[in-house]
Amino acid sequence: MTTTLSVSAHSGCPARSPGAIAHHGAGDSRAAYAHLRQEHPVYYDPDLGLWVISRHHDIDEVLRDRNGAFTPAHSYDPVQPTDPEAARIYTAVHDVPVAASTDPPVHTRYRAALTAVWPTSTGQLAPWHTTVEKRALEAALSLAARPGHTGELTADYARPLTARIMSEIIGIDQADEQCVIDGSSAMADLLWSFQPPNEQQRCSQAVVDLWNLCTTLVAQRRDRPRDDLTTAWITYRDEQGVPLTDAEIASTLMEVLTTNAETLALLITTALQHLLAGDGYQRLTTHPGEAPAAVEETLRQDPPLIGWLRTTTRPLTLADTHLPQGARLLLLMHSAAHDEAHAVGAPKAFDHRRTDTPPTLNFGAGIHYCPGAQYTRLVAQHALTALTRVLPGLALTTAAPGPRPVNLILRRTVQLHVHW
């Protein structure tokens, strides 16, 4: 018999309302975060089966994991009770390892291959600037050409743009980009949201379709190499001269595609929502050099990655709280961004001209620090400047977009309707 976790909204202290923290990405949770940091920095939620961590210092300690006390091995295990048919469909990719969900020495192998091919620094990204800028401008012009001078920024701009750039770099045909968009969004819903059985089945199939696309692409590039990252990972050899297997290459493609196609699109849309809600967008039309600061302020104020998962490898104490071995932790990344320890002036205000932006944990820390951090910033910056250049009169159609979907890990997008 299929069971479905009932996650409903609660008022009051999340630590005393089982399941309430599941809604932390659906509204403004800054007051709840502040309460947790002060009164319940580590607590157990029996409805979710998760230990919830809210302070920046503690989350940083877990992510850096200097003593092997935490593992990312279960980061991609669903947080919801899984429908049996959805689980059957998802079996094809359930045990596929990726860099973000493995420990050394497996992680070391994946990480070395990732950083050998993927540009991780500003200098390495320099050759990509032209491509990213060109695709952002094309996406902005495509939006501007829509009939009726109206559009929706997620579906009509951010997701197509991020999928187009990533697909071009990876070597995916334009006709398959919707598969990338659908599979990436479905993975976020399947793993970290709370869906009825039919939706879980749909999401499972979309993720499997994306996995099949990745495995097919690897096979095609072995026969017909091209100047793309898939071919680069095929020709890669580690220090001992050992190549990646086809499955390792496909899982690397899967990880790169899903993280960029969904999370990066969320970052772009959220930045635009905040800029358009005030005078930030108009300012960027005349001060495009402020786009990097707007991206950083979005990562502080309203990041797309609001949580992440780790599991303890042994009994330990964190923030004076005993955690058993095998405890699954929900790290509230959004709360960490608002920690009082940062001493940010006017922390509730979105101000991309602030000079006290704190360090972000949104790209992780330690050996699992995201190698795509600089790429993410680059694409988001060009997405903002291209749109302000092409549509300087862009405005929100509704002042207050609807509520966001419930998701433990991502602050999912809302429909952001605009006109010009």
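In this structure the chain gives 41 Å² per residue of accessible area when probed at 1.4 Å with all protein chains present. Looking at the chain, the DSSP beta bridges with both ends there are about 85 percent antiparallel. Is the stretch 26-85 best put as rounded, prolate or oblate by its Cα gyration tensor, with a ≥ b ≥ c the root eigenvalues, rounded for a/c under 1.5, and otherwise prolate when a/b is larger than b/c, oblate when not? Oblate.
A DSSP coil position with no more than 11 other Cβ atoms inside 10 Å describes the following trypsin sites (Lys or Arg not before Pro) in the stretch 47-84: Arg66. When you count the other C-beta atoms within 10 angstrom of each residue and take the mean per peptide, 183-194, 307-318, 95-106 line up highest first as 183-194, 307-318, 95-106. Packing, taken as the mean count of other beta carbons within 10 Å per residue, orders the peptides 124-137, 75-88 from highest to lowest as 75-88, 124-137.
Across the stretch 245-347, the convex hull enclosing all Cα atoms gives 149 Å³ per residue. Count charges around Thr252 for me, please; just the other residues with Cβ under 14 Å from its Cβ, Lys/Arg as +1, Asp/Glu as -1. With Lys, Arg at +1 and Asp, Glu at -1, the neighbours total -2. Carbon-plus-sulfur accessible fraction, the stretch 275-420 (probe radius 1.4 Å, protein heavy atoms only): 57%. Amide hydrogen proximity for Asp47: with H placed 1.01 Å from N in the peptide plane, the residues at 5 or more positions away or on another chain lying under 5 Å are Gly19.
In this simple spin-label model, placing a label point 7 Å from the Cα along the Cα-to-Cβ direction at both Gln415 and Ala277 gives a separation of 1.9 nm.
The values are calculated or read from the model by the stated rules, or taken from the named source; none is laboratory data. Just so it is clear, the model here is predicted, and its values are computed rather than measured. Methodologically, a virtual Cβ is constructed for each residue, glycine included, from the backbone with ideal geometry; neighbour enumeration extends over all protein chains shown. Just the protein is used for accessible areas: all its heavy atoms, side chains included, with ligands, DNA and RNA removed. Shrake-Rupley method; radii C 1.70, N 1.55, O 1.52, S 1.80 Å.
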